[in-house]
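The values are calculated or read from the model by the stated rules, or taken from the named source; none is laboratory data. For clarity, every value in this text was computed on a predicted model and none was experimentally measured. We place every Cβ from the backbone using ideal geometry, glycine too, and count neighbours over all the protein chains shown. Side chains are part of the model used for accessible areas, which takes the heavy atoms of the whole protein and leaves out ligands, DNA and RNA. Shrake-Rupley method; radii C 1.70, N 1.55, O 1.52, S 1.80 Å.
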Amino acid sequence: MMSTITERLEILGLFPIAAAIIAFVLIIGLRPLLVRYALARPNARSTHRKPTPQGGGIAVIGAVTVALVGAAMLMPYTLDDPVQLAGVFACSLALAVVGATDDMRPLEALPRLMLQAIVVFAVVAMLPPALHIFPILPWWIERLLMVVAILWFVNLVNFMDGVDWMTVAEVVPLTAALALFGLMGALPPDATLVSLALCGAMIGFAPFNRPVARLFLGDVGSLPIGLLLGWLLVLLAGGGHLAAALLLPLYYLADATITLLRRVVNGEQVLQAHRSHFYQRAMDGGSSVYQIVGRVFATNVGLVALATVTLLTSSLVLQMLMLAAGSALVGAILWTFDRAHQ
């Protein structure tokens, strides 16, 4: 029995490595085409100064998909609900098509949001009927709130992907933590595999996005990654671990949400490109990309540690304390970034 468990853990350990290698190889093969057909030119939101190919997300999502298909063929015992998983990935690929279209020929904001909402609605419809985060709410209200939350998460991941290595600094620790929590029993096996694969694929993408980036993720990557992360976090929250689900993405949630609210209060056009995020303000204030993403990565590691504590205790008081500590940690980095701009 112990031998079987050890063998399965060893196979799972190879899973993110395989995804990283697949992503790396795909990028090498795709990059000449991306250079030719998918150049991102500097705009008001950009931190780069010359045209740079985008579309690295094709390799990331492709690597995750190949890794999961391989798992289904070679290790079917690792999948809990392959039908639901296939449906979620079909939705992710649909969102990747929306992102690829937007990368090559920018879509109007409203049609883009409508397409995203349709995909998110489909993902929420595929969630287990018994899954609840707030059982006190009527079922349909809770599901509607899930649609809004995941739709916002899809967009905020896209909004925050505005500097080299930023998405890597967010997604790698977050997915590594989700994979760990899955091995601890907090997530279904399917979600654990997705976390492992996405973590590995982002590591495979990271060398090409290292400052100064030779390749950007693009909407083709940021949108489906946001969808997968939102789905994973909803599963974690629905498994009774709401505090952990809030802590893991707290930096992204805070930076994107506070920035949006601040722009609304200031009467700005919220659908237009901007450089108002806290990390962008820090960059405009003279902080280097390495300083910014280094602080974000360190903050995320701290949030992972706090989230882990909430999984190990059933004490509501201790969970609230971890949430307060996480809020203070994120508040500190936002204050540091905002101060750098002054």
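I need a count of the residues in segment 115-136 that are surrounded by fewer than 11 Cβ atoms within 10 Å (Cβ to Cβ) and closer than 18 Å to residue 159 by Cα.
0
Taking segment 255-278 as the search range and keeping residues that are among the hydrophobic types (A, V, I, L, M, F, W, C) and closer than 19 Å to residue 163 by Cβ, which one is farthest from the chain's Cα centre (by Cα)?
The extreme case among them is 273.
Any residue that is closer than 26 Å to residue 19 by Cβ and at pLDDT 90 or above - is there at least one of those in segment 129-145?
No, segment 129-145 has no match at all.
Where the second residue is at pLDDT 95 or above and among the aromatic types (Phe, Trp, Tyr) and the first is closer than 21 Å to residue 246 by Cβ and lies in segment 319-342, which pairs have Cβ atoms under 7 Å and are six or more apart or on separate chains?
The qualifying pairs are 330/251; 333/251.
Are any of the residues in segment 65-84 over 30 Å from residue 15 (Cβ atoms) and open to solvent by less than 80 Å² (accessible area, probe 1.4 Å)?
No, the conditions are met nowhere in segment 65-84.
Being closer than 23 Å to residue 87 by Cα and part of a loop (DSSP other than H, G, I, E, B) is the filter here, so list the residues in segment 112-169 that pass it.
Result: 126, 127, 128, 129, 130, 131, 132, 133.
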